[in-house]
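As structure tokens, the structure follows; a few thoughts come after it.
We did not get these values from a lab; they are worked out from the coordinates using the rules stated. Remember, it's a predicted structure, so these values are computed and weren't measured experimentally. FYI the Cβ positions are ideal-geometry reconstructions off the backbone, even for glycines, and counts take in every protein chain you see.
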Amino acid sequence: MGAWGTGSFDNDTALDFVPEIVNFSIIKKLIDNDSLYYNQARVAAEILLHLDKLGGLWTDQEIIDCLIGCLEGLLEDKKWLHTWNDKGKATKKDVKRLIKGLKRMEGF
């Protein structure tokens with residue numbers, strides 16, 4: 001067991017506990033079955049980015065890449081974007097932020 005700081009996430013035990021709270025296998029299952037929806041991808045990306053800020057969470061690179069792909073698909077889906085009152089302008093801006101953050105993450 002190792003620790004590299006005093007923060008809640010700055011030790012191996014804490015980071016080993018994260019997959020018990022955030023079910024990576026469900027995200028992976030949705031990705032593998034091509035049934036990950038835009039809103040699920042947005043929420044999963046947001047959670048991963050927050051956890052990454054807290055302690056350098058290591059995530060399966062395939063999950064990161066698939067979330068990026070799904071979110072990039074969202075940006076191209078004009079029909080879905082036009083369901084929002086502002087025709088998706090705020091959503092597009094937020095999704096671009098998520099993609100940028102995911103691209104900075106390092107997976108295993």
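Against the main long axis of the alpha-carbon atoms of the chain, helix 38-55 sits at an angle near 30°.
Write down Rg/Rh for region 12-104, rounded to two decimals, with Rg from the C-alpha atoms and Rh from the Kirkwood relation over Cα pairs. Before the final figure, lay out each step's value.
Working: Rg = 13.8 Å, Rh = 13.8 Å.
We get a ratio of 1.00 for region 12-104.
Mind checking which of LEU98, LEU30, LEU71 has the largest fluctuation in a GNM of the chain, springs on alpha carbons under 10 Å? Of LEU98, LEU30, LEU71, the Gaussian network model singles out LEU30 as fluctuating most.
Fewest-first ordering of TRP4, TRP80 by other beta carbons within 10 Å of each residue's beta carbon gives TRP4, TRP80. Angle check, please: helix 12-21 long axis (alpha carbons) against the longest principal axis of the chain (alpha carbons), in degrees 0 to 90, nearest 10. So the helix axis and the longest Cα principal axis differ by about 40 degrees.
Would any residue of region 92-108 have its amide N under 19 Å from a label point 7 Å out along Cα→Cβ of PHE24? List them or say none. Flagged as within label range: 101-108.
The calculated 222 nm mean residue ellipticity attributable to helices in the chain amounts to -21000 deg cm²/dmol, summing -39500 (n - 2.57) over DSSP H runs of n ≥ 4 and dividing by all residues.
Around the amide H of ASP60, modelled in the peptide plane, lie the amide H atoms of PHE108, all under 5 Å away and 5 or more residues distant in sequence or on another chain. Karplus-based coupling profile of region 93-105, in residue order and whole Hz: 4, 5, 5, 4, 5, 4, 4, 4, x, 5, 5, 7, 6, with θ = phi - 60° in 6.51 cos²θ - 1.76 cosθ + 1.60 and x standing for Gly or Pro. Cross-link partners of LYS103 among lysines, defined as those whose alpha carbon lies under 20 angstrom from its own and excluding same-chain residues fewer than eight positions apart: LYS28, LYS53, LYS92, LYS93.
By count of other Cβ within 10 Å, fewest leading, how are ARG97, ARG104, ARG42 ordered? Show your work: numbers first, answer last.
On the way: ARG97 13, ARG104 10, ARG42 18.
Least crowded to most crowded, the residues run ARG104, ARG97, ARG42.
Mind pulling the angle between the C-alpha long axis of helix 61-76 and the longest principal axis of the chain? Nearest 10 degrees, somewhere in 0 to 90. Around 20 degrees separate the two axes. On full extension, the segment bounded by ASP16 and ASP77 gains 18.3 nm, given 0.36 nm per residue less the C-alpha separation.
If you take all other residues with their beta carbon under 9 Å from the beta carbon of LYS28, and give Lys and Arg +1 and Asp and Glu -1, the sum is -2.
Under the definition of Cα pairs under 8 Å and six or more residues apart, what whole-number percent is the relative contact order of region 12-104? Show your work: numbers first, answer last.
Working: 50 pairs, mean separation 27.7, N = 93.
Reported as a whole number, the value is 30 percent.
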